[in-house]
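The values are calculated or read from the model by the stated rules, or taken from the named source; none is laboratory data. Computed from a predicted model, the values in this text were never measured in an experiment. When we count neighbours, we look across all protein chains shown, and the Cβ atoms used for this are built from the backbone with ideal geometry, even at glycine.
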Amino acid sequence: MSEVNDNKIARPLRIGFISLGCAKNLVDSEKMLGLLAEAGCEITTDPDDADVLIVNTCGFLAAARAEAHEAVTEAVSHKTTGRCRRVVVAGCLVQRDGEKLLFDVPGIDALVGINDRDRIVDVIRGSGPGPLVTANLKSEFSNLRSESVHPAMDDTARLRLTPKHYAYLKISDGCDQKCTFCTIPMIRGSMRSKPIEQVLNEARELIADGAVEINLIGQDTTQYGRDLGFTSGLSDLLQQMDRLDGVRWVRLMYAYPTGFSDELIEAIAQCHRIVKYVDLPLQHVSDRILKAMHRGITKSQTLALMENIRRRVPGVSIRTTLMVGFPGETDEEFEELVEFVRDVRLEALGVFSFSPEPDTPAGRMKNQIPEPIRQQRAETIMREQQAIAFEQAQQQVGRVWEVMVENDRLDGMQAARHSGQAPEVDSRTWIRGGSFQPGEFIQVRCVGAHDYDLIVQPTGVILPRNS
């Protein structure tokens, strides 16, 4: 796509792209970039050199919305300081706040709803004298809870923003859970799974593009396939992913604890390419809080699930996220959560303080916890987990395992990850000695730990890139 002046092609349009939010949003960004590249646009990392600036936003929490507003405001400023003529805003914040964004940040030229992602090429061309709002965008957040009629979108032909050796593969979009604190169903709609063959085709394309690690993502991966009528969809998918040539690691992310079946645990245990890693957001363990959150699980069921996974998948790494400061959370209920962290000793843990979203049931609940207390409780959880993580890191000294080499270097060492470390969210492993290509698999011996991270030395064994 080129600028046209007096019916002559001047040069291709230059696009600057800012991607915010989670890995699911990143896939949407990569798809839009792929469409733009196919249309002949040039992608630039210099906003002052861009004809069009696109911001793909997150709207999940207040902090994410503030970051998005700042990024959009900065993009609009380049219309006076750079060559930018058009600012396009896409993603979850657009779907959440609708045309209100046009008043919040004057200077936006187009809004792209999440279901109109694939119209991005038409949108950057512009249409008419005023701001363009795509047809599937609803301006009233309260109306977005309606059942979605949009099937899961195709994510082939992406221009990837991750390093070539690993990629995210979105197996579904939307969510049917009714968590009282969460805005995702309102923004992303109901659960829509991709057919297994579509997922496999996208995986094959990523492998052909150099990915040796594929991270399966969705708002709720555990429920994959239920909307298509097959209840064992995720375990079946993992078994079929395990048969793909060219990939060494397949990682399961965002697995909702409800519906985490024995068949799924068995697939993780038995499939060779499925890494022994489970990202299992638990949020809380107090029965009263879990019920108020509408999580559909109890503390005893949570503990039984954790025990079952660890018993049947030896060496598994379990990551979770917890929420503190939910409305009405008592000191005793918070201490119950702290004791859970101490007793269960998870391999990785993140914690969020409750964000009172006004359009959610939890945001309207009484007995809201003051922000300073919420923050203090989050810090307490992280201190407990930090002590556990540092101790677990020291216990790795002397062990031998395989790692996948990463791009980054620091103080003469090269970054890597073992199978229990997911990209971007977990700790890292640092190789001391040697120089390796990103995406290589090598055998290492742990010789030390620095806080959360591990220090290793290569044993001299280079492993195949796929197994």
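Key figures for this structure:
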| read-out | value |
| --- | --- |
| Residue check, residue 309 within 16 Å of residue 180 (Cβ to Cβ) and at pLDDT 95 or above | no |
| Test: residue in the range 391-402 that is assigned to a helix (DSSP H, G or I) and closer than 30 Å to residue 263 by Cα | yes |
| Among the residues listed as 251, 226, 204, the single one being more than 27 Å from residue 177 (Cα to Cα) and in the same structural domain as residue 272 (by TED's automatic domain parsing) | 204 |
| Answer residue from the range 1-50, given it is of a type in the set (Lys, Arg) and in a strand (DSSP E or B) and is modelled with the lowest pLDDT among those | 8 |
| Residues located in the range 353-378, provided they are in a helix (DSSP H, G or I) and over 18 Å from residue 319 (Cα atoms) | 362, 363, 364, 371, 372, 373, 374, 375, 376, 377 |
| Residues located in the range 321-337, provided they are buried (at least 17 other Cβ atoms within 10 Å of the Cβ) and either of a type in the set (Phe, Trp, Tyr) or in a helix (DSSP H, G or I) (or both) | 326, 333, 334, 336, 337 |
| Flag for residue 50 being crowded, with 16+ Cβ neighbours inside 10 Å and touching a Ser or Thr at 6+ places or on another chain (Cβ under 8 Å) | yes |
| Residues being assigned to a loop (DSSP other than H, G, I, E, B) and in contact with a Leu (Cβ under 9 Å, 6 or more places away or on another chain) - total across the range 279-306 | 10 |
| Test: residue in the range 340-352 that is buried (at least 17 other Cβ atoms within 10 Å of the Cβ), more than 21 Å from residue 287 (Cβ to Cβ) and not small (Gly, Ala, Ser) | yes |
| Leading residue by the ranking (modelled with the lowest pLDDT) among those in the range 416-451 that are of a type in the set (S, T, N, Q) and either part of a loop (DSSP other than H, G, I, E, B) or out of contact with any strand residue (DSSP E or B) (no Cβ under 7 Å at 6 or more places or on another chain) (or both) | 435 |
| Candidate set: the range 184-198, residues that are of a type in the set (Val, Ile, Thr) and in contact with a helix residue (DSSP H, G or I) (Cβ under 6 Å, 6 or more places away or on another chain); chosen: the one nearest to residue 222 (Cα to Cα) | 196 |
| The range 260-298: number of residues that are touching a residue at least 40 places away in the same chain (Cβ under 8 Å) and either closer than 30 Å to residue 329 by Cα or of a type in the set (Ser, Thr, Tyr) (or both) | 19 |
| Single match in 309, 318, 268 (criterion: part of a strand (DSSP E or B) and more than 30 Å from residue 370 (Cβ to Cβ)) | 318 |
| Where residue 307 falls short, out of the listed (1) farther than 25 Å from residue 175 by Cβ; (2) in contact (Cβ under 8 Å) with a residue 40 or more places away in the chain; (3) exposed (fewer than 15 other Cβ atoms within 10 Å of the Cβ) | (2) |
| Given (1) surrounded by fewer than 20 Cβ atoms within 10 Å (Cβ to Cβ); (2) closer than 25 Å to residue 216 by Cα, index of the condition residue 24 fails | (1) |
| Positions within the range 224-265 being surrounded by fewer than 22 Cβ atoms within 10 Å (Cβ to Cβ), touching a Cys at 6+ places or on another chain (Cβ under 8 Å) and part of a helix (DSSP H, G or I), in sequence order | 239 |
| Selection status of residue 374, basic (Lys, Arg), surrounded by 15 or more Cβ atoms within 10 Å (Cβ to Cβ) and under 30 Å from residue 330 (Cβ atoms) | yes |
